[in-house]
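Working notes for the structure below.
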Amino acid sequence: MQVRRVFQGALCAALLAATGVASGITLEPYWQSPASKDKEAYVPELMPPGVQVVNTENEGPVFATAEGKTLYMWPLTTLRNGQAGDRPKSGKATCDGTIYKETAGYMSPYPPGFLLPELETRKSCEALWPPFLAPADAQPVGKWSIVKRTNGDSQWAYDDHPVYTSYKDHKKGDVLGGSVSLIGGEMGAVRYPVGPTADIPSDLGLAVFRTGRMLVNHKGFSVYSYDKDTPTKSNCTDACLQTWAPVLAPLMVKPQGEWGVMERAPGIQQWTYRGKPLYTNLTDTDHRRVIGTDIPDWHNVYTQRALAPPSDWTVQDADLGQVLADSKGKTIYYYSCNDDAEDQQSCDSPDAPQVYRLAICGNFDPKVCNETFPYVQAKPGEKADSSLWTVISIDPNTGKLAQAGQAGALQVWAYRERPVYTYGGDTRPGSVDGDNFGEFNGGRNGFRAFWLRDDYRANAHGRSPGDRR
């Protein structure tokens with residue numbers, strides 16, 4: 001805790017400076033196999049010409065351009081000292097060609113007016129987030145409308161929010177610009193992908209984690225299935241029903257797609273999904289829990305799962321739950337960062353200014369930073385089944401992408417093309433002493449452990465559930 005206090009205010013300093021490894025379980029319970037055919041179904045809807053739906057690994061079905069570029073929105077977000085993002089129903093887009101040079105002062109205690117780093121290479125919002133332009137004769141269709149940009153161009157909007165592509169996306173199915181599973185906390189006004197409505201009953205919903213898209217009921221409580229059931233018969237009866245409540249379906253509904261109904265008793269129907277009757281756990285004390293999976297034969301239900309990271313990585317028991325770890329049991333950390341300009345640019349990737357990260361983890365000294373949060377290096381030829389995990393080449397002295405053949409470059413693992421790290425202060429498998437290391441508990445500018453779950457039953461008063469899965 002004392003170490004973290006030393007770095008409080010580091011973002012402000014950065015701006016000034018710029019003027020038993022096997023103790024865990026195997027990976028299969030968290031990720032699906034490459035052979036899995038499970039993909040989230042969606043409700044078809046009217047779309048403008050040139051828009052398609054692409055199924056992605058962790059974001060599910062998303063809207064994309066004809067070339068396959070994922071579409072994003074930038075919703076208006078209330079920060080500590082103001083708001084940033086596009087205002088819905090305003091009829092115009094905020095993200096334009098302005099290159100902002102100073103902080104906006106949205107995140108106290110940092111005042112406005114500090115010069116931002118690397119101004120000579122800073123890009124405008126629209127350069128990082130190219131608008132999805134509409135033809136001059138375009139007409140609204142379905143949830144799609146048209147807004148005006150500051151230069152007079154027409155731009156498509158979905159559900160009253162202007163939509164953009166991301167310069168980070170390279171190929172069809174990439175969703176590297178933003179993620180619904182990472183939104184929340186102090187991150188700032190972030191962008192996230194736009195997609196059609198999931199094909200699930202209206203009284204159910206989705207909780208989206210880094211490991212998959214989990215079903216919840218209308219109150220946000222997790223939905224489970226039971227291995228001993230059949231598609232037409234529930235074997236959870238009598239004493240079982242003191243712990244598990246059937247997810248009831250209205251009498252008028254009919255089976256459709258992957259959704260079915262099973263008659264539990266005359267006049268009482270239960271939802272089934274992919275041939276499994278559905279339940280909630282009456283002992284769940286909070287939303288989006290996975291505690292029910294600790295009971296033999298019971299499982300959370302997902303519309304789809306993400307694929308596994310590197311095969312020799314492990315899952316380790318931590319004090320509050322379970323974390324993703326490398327082959328030696330060292331907890332994996334990711335770095336999050338958003339600057340405080342009007343356009344709220346992300347600074348968590350190697351092509352962004354590294355001064356923020358260096359301030360937090362090494363007081364501007366790359367050597368100290370690389371010792372505090374060392375990169376997770378990849379072995380030659382290593383790759384993962386998941387498209388979310390790749391190997392990139394990093395210059396450890398700058399934190400930027402290395403040039404081809406550059407001496408001293410490191411081949412490191414990256415999640416969504418952002419490097420991942422271990423923490424030098426972790427002393428045993430399952431240690432998470434680097435979690436929330438940084439400003440605003442590591443959310444605005446800092447490091448977070450790659451949590452897979454943080455809701456052990458003994459942790460009734462621990463961290464907020466779901467945010468780290």
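Based on alpha-carbon atoms only, what is the radius of gyration of the range 42-197 relative to the globular estimate 2.2 N^0.38 Å? Mind showing how you got there, number by number?
Details: Rg = 16.0 Å, N = 156, 2.2 N^0.38 = 15.0 Å.
With N residues counted in the range 42-197, Rg over 2.2 N^0.38 Å equals 1.07.
Divide by every residue of the chain the summed helix terms, -39500 (n - 2.57) for each DSSP H run of at least 4, and state the resulting mean residue ellipticity at 222 nm, rounded to the nearest 500 deg cm²/dmol.
Details: 5 runs with 33 residues, N = 469.
Value at 222 nm, helices only, nearest 500: -1500 deg cm²/dmol.
Compute, for the range 204-305, the length of the dipole vector about the Cα centre, with Cβ point charges of +1 (Lys, Arg) and -1 (Asp, Glu) only. Units Debye, rounded to 20. Numbers along the way, then the final one.
On the way: 12 positive and 9 negative charges, 77 e Å.
Dipole magnitude for the range 204-305 comes out near 360 debye.
Compute the projected area of the convex hull of the Cα atoms of the range 151-251, averaged over all viewing directions, and report it in nm² to one decimal place. The partial results should precede the final answer.
Numbers: hull surface 45.2 nm².
Mean projected area for the range 151-251: 11.3 nm², to one decimal.
How large is the translational diffusion coefficient of the range 52-141 in µm² per second when you combine the Kirkwood radius over alpha carbon pairs with Stokes-Einstein at 20 °C and 1.002 mPa s?
Values: Rh = 16.0 Å.
D = 134 µm²/s.
If you rank Val253, Val43, Val247 by fewest surrounding Cβ atoms within 10 Å, what's the result?
Working: Val253 14, Val43 10, Val247 23.
Ordered from fewest to most neighbouring Cβ atoms within 10 Å, Val253, Val43, Val247 come out as Val43, Val253, Val247.
With only alpha-carbon atoms in the gyration tensor, what are the semi-axes of the equivalent ellipsoid for the range 259-300, in Å, largest first? Provide the component values of the computation, followed by the final result.
Working: eigenvalues 101, 29, 17 Å².
Each semi-axis is the square root of five times an eigenvalue, giving 22, 12, 9 Å.
Can you tell me what share of the DSSP beta bridges in the chain is antiparallel? A percent to the nearest 5 is fine.
Working: 85 of 88 bridges.
Looking only at bridges with both residues in the chain, the antiparallel portion is about 95 percent.
What number, in nm² with one decimal, is the all-direction average of the projected area of the convex hull of the alpha-carbon atoms of the range 204-305?
Result: a mean projected hull area of 6.4 nm².
In which sequence would Met47, Met73 go, from the one with the fewest C-beta neighbours within 10 Å to the one with the most?
Fewest-to-most Cβ neighbours within 10 Å comes out as Met47, Met73.
How would Tyr415, Tyr302, Tyr333 line up from fewest to most surrounding beta-carbon atoms within 10 angstrom? List each step's numbers first, then the result.
Values: Tyr415 19, Tyr302 22, Tyr333 25.
Sorted ascending by nearby Cβ count, the order is Tyr415, Tyr302, Tyr333.
Take the Cα radius of gyration of the chain and divide it by 2.2 N^0.38 Å, with N its residue count; two decimals is plenty. Working shown, then result.
On the way: Rg = 23.2 Å, N = 469, 2.2 N^0.38 = 22.8 Å.
Ratio of Rg to 2.2 N^0.38 Å for the chain: 1.02.
Jot down the radius of gyration and Dmax of the range 34-99, Cα atoms only, both in angstrom.
16.1, 48
Can you tell me which aspartates and glutamates have their Cα less than 14 Å from the Cα of Lys219? Leave out same-chain residues fewer than eight positions away.
Straight-line reach from Lys219, under 14 Å: Asp203, Asp284, Asp286.
Less than 28 Å apart at the alpha-carbon level, and either on another chain or at least 8 residues along: which lysines does that give for Lys89?
Answer for Lys89, where 28 Å is the Cα cut-off: Lys69, Lys123, Lys143, Lys148, Lys168, listed by chain and number.
Read the figures in this text as sums done on the coordinates, not as results from a lab. Computed from a predicted model, the values in this text were never measured in an experiment. For neighbour counting, all protein chains shown are included, and Cβ atoms are generated from backbone atoms with ideal geometry for every residue, glycine included.
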